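Beneath this line is the structure, given in structure tokens, with notes to follow.
The values are calculated or read from the model by the stated rules, or taken from the named source; none is laboratory data. Here the structure is a predicted model, which means the values were calculated and not measured. FYI the Cβ positions are ideal-geometry reconstructions off the backbone, even for glycines, and counts take in every protein chain you see.
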Amino acid sequence: MFSRTKVAAKATKGSIVQKEQRLMISGRTEAIASFGQQRIWFHDQLYFHDSDLSVYNIVVPLLIKQGSLSIERVSSALRSVIERYTILRTAVRFNPGTNQIEQYIQPIADDIYLFQHSRGISTVEQLDDLLTAESIRKHFDVENGRVVKCHVVERGDKSHDHLLHENDLIIFTIHHIAFDLTSSKSFVKAFERACWIDAHHQSTLLIQQYIDFALYEQAMLADTNPNSKMHKARRFWSDLMHGYDWNRIRVFVPTEIKHDQTRSGRGYSTVFVVDQQVVDAMMMFASSNNITMFSLAFASFYAFLFKLLNNEEDLCVASVVANRFNQETKEMIGMFVNILPYRIQIEPNKSFNHFVRKVQQLSTDILEHASLPYQEIIALHDKQKHQRLPSTFFQYDSLMSSTTQKTTMELTVDKASVIGIYYDRDRSRGNGLSTFDMSVTIAHEHHTRTTECVIDCAVEIFQNQAIVNKLATRFQHILTQLFCSSIVGVPIYNQCTPASYAQARIWLDERIRFDPDKPQVAIYNMPFVYRLQPDHTLSIERLLHALQLIVLKHQSLRTSLVFNAEKNQIMQRIIDLNNDHKQMLSVIESTYETDKQLTEIMHDEKRNPHLFDLAHGLVFRCHIIYYKQISSNHLLSDKDILIFNFHHALFDFPSMKVFHHDLNQAYTTGQLLYDNNTNLRYLDYAVIEQQMPMTGASMFWLDALHDCKLDQPLSLPFDRYRLSNEHRTGRGTSVSFDFGQDLSHDFLIHASSNNISLEHLALATYYVFLFKLTNGEKDLCIGINTEDRYRDELGSIIGMFVNAIPLRCQLDPHLSFNNITKHVQDDMINCMKYSYFPLQHILNQHPNISTPVFLDTSFDFVSSTTKDEKNEIMIGDSRFSLLPYSITISEDEIMSKFDFILTFQHDLNLNKFSCTVNASVDLFNAETICIIAQRLQTMLYQQFTSFNSKTNKPIHELSLILPDEQYLMQSLNNTQVSFSSFPLTCIHHEFVCQVMKHPQKLAVELDEQSLTYCELLYYVQTLSLTLLNEYHISPGEIVCQCVERSLSMVIGIMGIEMAGGVYCPLSPRDPQHRLNALVQQTQSRLVLVHWLTKTEFSDDTLTIDIHSRFANNDVMSDGDVDRLSSVTVTPNDIAYIIFTSG
């Protein structure tokens, strides 16, 4: 029954090729236990069987956050989950007959799980005691498959008709032999589904179960292929643990105590918060040296053990990994945790930096071979000790904030009922358990920048709590020695750290897309211009003092960005002021008399590329502009101007709100209170950003951009193209137009009635416009900027948080605009969830992309009021007005860092809309952008005006044709001409009549070339005879022609008609595969070409070069004329067929 799964092999001469192992649905109810189950069972039996405590309980507490839930529904939902996931009713016991630990799925029964109901748990202390009891008491009967307990807790004393209400709890406790922490998410999601559905209709026989994983694991281990995963893992672990003395794996156990002693599971616990200076230093060290925090924390623990064990150099510490090594196990409930021995030999004379890199390499290698079970690793060296429990254990937890967890782990279990994970338990006291002799867990909370260290020690080894507290103090001391300066109080933030992803993107963009050696226009200057209102004054002395305080507080405004060639990274460094606060504050004074002079000064602040010096931290300047003359009393007065100018690499638009607030406070009070030890700084954000877990975001963007051609530009109607080595000039052209009252009203009504935001509606409109503008491109990808302040704590920091992300839309031309809009809204919402994922990471997922051209086409939506509080600021009692202005380079040009960007503006005050199209003059003429704006306006009226709305029609029916173009097309198509011939004749007959009437008149001309009617007839007849005599074209047969605009095109048309054929034009601009497809579709056996197009067709397509047929000047005989006259064509025959773009 328990024989290992056979592995099929395909034999070839001289070799055996193993088939890849796959996790299959077996339908089994009995099998050998997995190695994880076996390890838990053995350790429980060998070490803890006499204990009155359980060290293997996992508690999942759920809190009723909204509404109510019946206890009966809880019971039935849990029963449904246990029925579906058979591991939750699986017995594990020893079979003497097979001498193996085996698992047996039990049938569903009323007593398959334990149930308890409590009331009156009103205080936090009572609840904490109850949760502790759940985690340490022996509840379960593993050998009979009872491994789940449900404890419902009512906080009040009175019964509420068997209903749980807000703040009541549902506490699930599950034995570790059937469950690991990663299973929690799948378990609560399954519970949520079960609350909605009374019974699962899918048979458990059709679902992959944990027992299937156990069989798969055995098959993997049985694979003897030298290149198999397990075989490689055995070689690695054999080499790593070679020569290790396994008697020393429990290093804290005194030699007089037997190694296999039973234990109580009781322990002494202590918790301390790591000093913030140490945390900052560790994060900076990790970020600067490209080291994971796990490796750095582990190396620190090794250093602690090295000193604690009297310079013991050969150390082996256990850690765990969630061994879900294939996709099928990711969402499975079960026990997948594997213990791994991290053995390292310390070299005392080498630096800690060297040792950290050694630990990182060890960690990387171990994770690659983590699938080999712990028992198998030990059995490679000492089969007698294959169940030996390690002495020391280390774990590093990278946590999101509890606030974030509370919002992301909410479950809707009824129409009005919401439950969530309960996170508020006090962990400072521990739970009095210790599985290992000593375990250390370091938990880092990213957003609060706090790190806790929990030390649990077995009471059998450590005699009292005081000893454990002393260990904690010693570990703290080691951390301080490793990461802090020997001089107390030296600020660690003066060190270099990597730039944030946003900073690096701006720094690189300025140097790669725009020529750094010949900068024509500054793209990333951010000047804010304010004019002092009448009857107000401002003290220059107090202003400068306030600015100095701001620069002192906000280190971003004195941060340098330089490229470190050795580390191949852009680094940021906070410039130390050395008590001279003025040295980093650039203040300029000048005067103006006319508006023209003022405009020139303002334009210079915006477009001058030499104002800032990123390498030396000069990223902020204040320009004071006096009206007519510099003030003698050091006061600003009416018509005087202030310009605060920042470089975008260190500043974004939301930073201005922080700047205004602090400027007003510093000017008014003369001081600006802050504490760099407690206040989150931009530098901290940059370091935290490097360490953030982004697996979910990475998977989202990889999936969202699958097969997307990110380096293929949209086929916009360019007037010219940029060479691959040509830099941008930063010069652009702009066209704006207002919607007007009616169109604005229709746009608003459409958004409201379809429950879609204005921004999403505008974006959908842009996508449809691009679809039409690019002649039907269906896979559209553009770039947008996001203000990436995803945490409240980031709102008070001056810095650069903007991220650029790709927005992809795959359009179906047959869908209506309303359907497209809903699709765009869903995509936009999903993208915004993961907008924090740095653009650099997104591009790294696509290493074959040379240039991310999707960033060149952009979109923006701006909501503002004509006059609002943002346009006025107060500095003390003085009021300033923001001066809006458009930066022009010349009379017809503006600044533009994109090739093409559409901006929708919503005036909240007037509730009206307008659009602005900005484009680079490197690629577009101003006239072209003007026409594009007119086409957009035309499409908007088609879509939204009530008398002509096409929102429910397929988007391919929309038209960008302008009214004057429509009129021109109608006039061109109005080809009705009265012919004298009677009865009706064919086209080529009428052509011959014209030749007879006007043989020497010009029939066709192109540039410097022309043909008379007589000459044209000669060439037409020559070609017709070729088609008839050499290629035997018969009347009604389709003949394709693919030539550029030329005289040959006219000759070909009339030649095909005169030979009785059906003319079919093909566009030379179509791709080769489309041309060949059209030839096959028409079943044409002949294509007329000329020298520019003859290479466009495959070798099996018959082609005629028209030019080559005119080289022969033979005189046409009477027989040739008779041959042409004998072609039978009537007015009812088809003259031509044409393929349209639709």
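Things to note:
- One residue stands out among those in the range 733-775 that are surrounded by 17 or more Cβ atoms within 10 Å (Cβ to Cβ) and of a type in the set (Asp, Glu): the one that is modelled with the lowest pLDDT, which is ASP746.
- Annotation note: of GLN741, GLN690, GLN671, the sole residue that is assigned to a loop (DSSP other than H, G, I, E, B), of a type in the set (S, T, N, Q) and touching a residue at least 24 places away in the same chain (Cβ under 8 Å) is GLN671.
- Residues in the range 272-294 that are in a helix (DSSP H, G or I) and touching a strand residue (DSSP E or B) at 6+ places or on another chain (Cβ under 9 Å): GLN276, VAL278, VAL279, MET282, MET283, MET284, SER287, SER288, MET293, PHE294.
- Here the range 911-929 is the region considered, the condition is being hydrophobic (A, V, I, L, M, F, W, C) and within 19 Å of LYS897 (Cα to Cα), and the residue that is surrounded by the fewest Cβ atoms within 10 Å (Cβ to Cβ) is ALA926.
- Subset of the range 165-192 that is among the hydroxyl-bearing types (Ser, Thr, Tyr) and surrounded by 21 or more Cβ atoms within 10 Å (Cβ to Cβ) - its residue that is modelled with the lowest pLDDT: SER183
- Pick from the range 312-350, criterion buried (at least 19 other Cβ atoms within 10 Å of the Cβ) and aromatic (Phe, Trp, Tyr), ranking: nearest to SER34 (Cα to Cα): PHE336
- Strands (runs of 3 or more DSSP E) contained entirely in the range 93-164, each with at least 1 residues that are more than 26 Å from ILE40 (Cβ to Cβ): 114-119, 148-154
- Given (1) part of a loop (DSSP other than H, G, I, E, B); (2) on the phi < 0 side of the Ramachandran plot; (3) crowded, with 21+ Cβ neighbours inside 10 Å, number of the condition PHE301 does not satisfy: (1)
- Only one of the numbered conditions (1) at pLDDT 90 or above; (2) more than 30 Å from SER736 (Cα to Cα) is violated by CYS993, and that is (1).
- Lone unmet requirement of (1) modelled with pLDDT of 90 or more; (2) under 16 Å from ILE797 (Cβ atoms); (3) crowded, with 19+ Cβ neighbours inside 10 Å for PRO654: (3)
Here is a yes/no grid of residues against (1) within 34 Å of the chain's Cα centre (by Cα); (2) within 30 Å of ASN290 (Cα to Cα):
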site: SER637; (1), (2): no, no
site: ASN645; (1), (2): yes, no
site: ASP652; (1), (2): yes, yes
site: VAL658; (1), (2): yes, no
site: LEU663; (1), (2): no, no
site: THR669; (1), (2): no, no
site: LEU680; (1), (2): yes, yes
site: LEU683; (1), (2): yes, yes
site: GLU689; (1), (2): yes, yes
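- Cβ separations smaller than 8 Å between residues 6+ apart or across chains give the following pairs from the range 111-122 residues that are charged (D, E, K, R) to residues that are in a strand (DSSP E or B) and surrounded by 15 or more Cβ atoms within 10 Å (Cβ to Cβ): ASP111/ARG146; ARG119/VAL153; ARG119/GLU154.
- Hits in the range 443-478 - residues which are free of Cβ contacts under 8 Å to residues at least 24 places away in the same chain and either in contact with a helix residue (DSSP H, G or I) (Cβ under 7 Å, 6 or more places away or on another chain) or aliphatic (A, V, I, L, M) (or both): ALA466
- One residue alone among ILE849, ILE820, ILE805, ILE842 is under 30 Å from ILE961 (Cα atoms), touching a residue at least 24 places away in the same chain (Cβ under 8 Å) and of a type in the set (A, V, I, L, M), and that residue is ILE820.
- Meets criteria (more than 25 Å from ASP141 (Cβ to Cβ) and touching a His at 6+ places or on another chain (Cβ under 8 Å)) for SER68: yes
- Residue in the range 248-261 that is at pLDDT below 90, surrounded by fewer than 21 Cβ atoms within 10 Å (Cβ to Cβ) and assigned to a helix (DSSP H, G or I) present: yes
- Of all residues making up the range 226-242, the number that are without any contact (Cβ under 8 Å) to a residue 12 or more places away in the chain and of a type in the set (A, V, I, L, M, F, W, C): 0
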